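The values are calculated or read from the model by the stated rules, or taken from the named source; none is laboratory data. Treat the numbers as computed from the prediction; the structure is a model and nothing was measured. We place every Cβ from the backbone using ideal geometry, glycine too, and count neighbours over all the protein chains shown. Ligands, DNA and RNA are stripped out before the accessible areas are found, and what is left, the full protein with its side chains, is counted by its heavy atoms. Shrake-Rupley method; radii C 1.70, N 1.55, O 1.52, S 1.80 Å.
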Amino acid sequence: MMSSTLKNTITQVHWQPLTKLLNPSGEKQQNLDGFDEEFIDIVDYIIRITHRIWEQKNVGLCYKYYSDICPVFTLGGYFECVEQVVQGTLKTIAAFPDRSLIGENVIWKEEDDNTYYSSHLITSIMTNTGNSDFGLATNKTGRVTTIADCVCFENRIIKEWLVRDNSFLIAQLGIDLIDAAIHFSKLVQNDTFNTWYSDEFDRVRKKEHRAPLGFSDKSWTVESFVQSWAQTIFNQKQFSTLTDFYHVAAAQQWPGGRKSTGLAQISGTIIQWLAQCPDAKMTIDHVAVVGFDGDTIDIALRWSVAGTYSPHIERLASLKGSQFFVLGCTHLRVQNQKIIKEVTVFDEISLYANMIRESGKSLPLLQEGA
């Protein structure tokens, strides 16, 4: 069976109360060379350091758990060192002082270079009592989904890719999506971000999108499955093939609070999103997989999409032809070779903000005082 080689005794976040996760009683399950002896495996490490930094507000622990030079890639900006990580953490907590971080899942992989890769799915509840990059404080409470993909080595995070469903958050805070993007576009990005953004766009645009990919029950592998998922659906736009990838009653969560159940709704969500970038190309940039239960596995994907913007929002009509680039992460739960649950996260605010900034155009705000 496909999950027979994925069974392990590594900490599983599901069904576990937080009190148990923060006080593991089991024996050490991984060597974790160079890590503090208290951590029994990489999942335990990720869950506990996240709790200490964010829930307990011990922001200074970033100096202990992040390397001095630690590139952090987001669609909204680039951090290069631990000092910037500390500053960014403080800035977020100042805007949302009661922010909680509920660990939903950690999908991990031990890499060939002795590093550990983790993909941490997080749900946060938080109240906007301070001004943020999206605008003035609203004093409203919202829920947001985040995925943090980290490379860990000898007790420190040495690289990170961070994606957050900010469009769903600001909708709950009463802030207009395009207003938030206009506000965010005024932030000046550093040269490293601009170079990364340009290079990544060019890399993805070179993707061969017509080459056929497929798999059969006998040749099924995680790698062939996810590459075919990206190539067939997102690159070739063959939406009738959803039956090859998704269970008929699959559940899907996408940014902006989009919820879909079943093939028709899932197809609609993807088609509507791709319609604003008809020539979109997708690359799968990292894959990790762990066993979940029986014949069910969890897959973490980090991916990129690049293409040309075809406005679906009248207020953004002047951005037609702009470079459209997305850094995204997806968690898939796959049972008997079909997706039964999908959580996809990317930052729609930063997506539009980057196009507004690159255009140099001044767009009007919809809401006064935003």
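Data for the structure
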{"item": "Filter pass, GLU348 being among the acidic types (Asp, Glu) and under 24 Å from VAL204 (Cα atoms)", "result": "yes"}
{"item": "Looking only at the stretch 89-135, and only at residues there that are in contact (Cβ under 8 Å) with a residue 40 or more places away in the chain, under 30 Å from ARG333 (Cα atoms) and assigned to a loop (DSSP other than H, G, I, E, B), the one that is nearest to the chain's Cα centre (by Cα)", "result": "LEU101"}
{"item": "Failed item, numbered, when VAL290 is tested on (1) in contact with a strand residue (DSSP E or B) (Cβ under 8 Å, 6 or more places away or on another chain); (2) open to solvent by less than 10 Å² (accessible area, probe 1.4 Å)", "result": "(2)"}
{"item": "Test for GLU208: is it open to solvent by 20 Å² or more (accessible area, probe 1.4 Å), out of contact with any Pro (no Cβ under 6 Å at 6 or more places or on another chain), at pLDDT 95 or above and under 27 Å from GLN238 (Cβ atoms)", "result": "no"}
{"item": "Failed item in (1) surrounded by 16 or more Cβ atoms within 10 Å (Cβ to Cβ); (2) in contact with a strand residue (DSSP E or B) (Cβ under 6 Å, 6 or more places away or on another chain); (3) of a type outside the set (Val, Ile, Thr); (4) over 17 Å from ILE182 (Cβ atoms), with ASP279 passing the rest", "result": "(1)"}
{"item": "Filter result for THR115 (surrounded by 15 or more Cβ atoms within 10 Å (Cβ to Cβ), polar (S, T, N, Q) and touching a His at 6+ places or on another chain (Cβ under 9 Å))", "result": "no"}
{"item": "Every pair of residues 6+ apart whose Cβ atoms lie under 8 Å, when the first sits in the stretch 13-35 and is at positive phi while the second is aliphatic (A, V, I, L, M)", "result": "LEU32/ILE42"}
{"item": "Yes/no for PHE73 being open to solvent by 60 Å² or more (accessible area, probe 1.4 Å) and under 30 Å from ILE182 (Cα atoms)", "result": "no"}
{"item": "Residues that are among the small types (Gly, Ala, Ser) and closer than 15 Å to GLY76 by Cα, drawn from the stretch 136-179", "result": "ALA148, SER167"}
{"item": "TYR63 vs. criteria over 26 Å from GLU200 (Cβ atoms), open to solvent by less than 20 Å² (accessible area, probe 1.4 Å), among the aromatic types (Phe, Trp, Tyr) and not in a loop (DSSP other than H, G, I, E, B)", "result": "no"}
{"item": "Single unsatisfied condition, ARG99 versus (1) touching a strand residue (DSSP E or B) at 6+ places or on another chain (Cβ under 8 Å); (2) over 30 Å from ASN354 (Cα atoms)", "result": "(2)"}
{"item": "Search result, residues across the stretch 167-177 that are open to solvent by 10 Å² or more (accessible area, probe 1.4 Å), in a helix (DSSP H, G or I) and out of contact with any Gly (no Cβ under 6 Å at 6 or more places or on another chain)", "result": "ALA171, LEU177"}
{"item": "Inter-residue pairs, beta-carbon under 7 Å, first touching a residue at least 24 places away in the same chain (Cβ under 8 Å) and in the stretch 184-196, second β-branched (Val, Ile, Thr), 6+ apart", "result": "PHE184/ILE349; SER185/ILE356"}
{"item": "Conditions (1) on the phi > 0 side of the Ramachandran plot; (2) open to solvent by 10 Å² or more (accessible area, probe 1.4 Å); number of the one not met by SER132", "result": "(1)"}
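Rundown of residues vs (1) assigned to a helix (DSSP H, G or I); (2) within 17 Å of ALA280 (Cβ to Cβ), yes/no style:
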{"position": "PRO311", "(1), (2)": "no, yes"}
{"position": "LEU316", "(1), (2)": "yes, yes"}
{"position": "VAL326", "(1), (2)": "no, yes"}
{"position": "LEU332", "(1), (2)": "no, no"}
{"position": "LYS341", "(1), (2)": "no, no"}
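Yes/no per residue for (1) out of contact with any Lys or Arg (no Cβ under 8 Å at 6 or more places or on another chain); (2) more than 20 Å from THR344 (Cβ to Cβ):
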site	(1), (2)
THR146	no, no
GLN172	no, no
SER185	no, yes
SER198	yes, yes
LYS218	yes, yes
THR221	yes, yes
PHE225	yes, no
THR232	yes, no
LYS237	yes, no
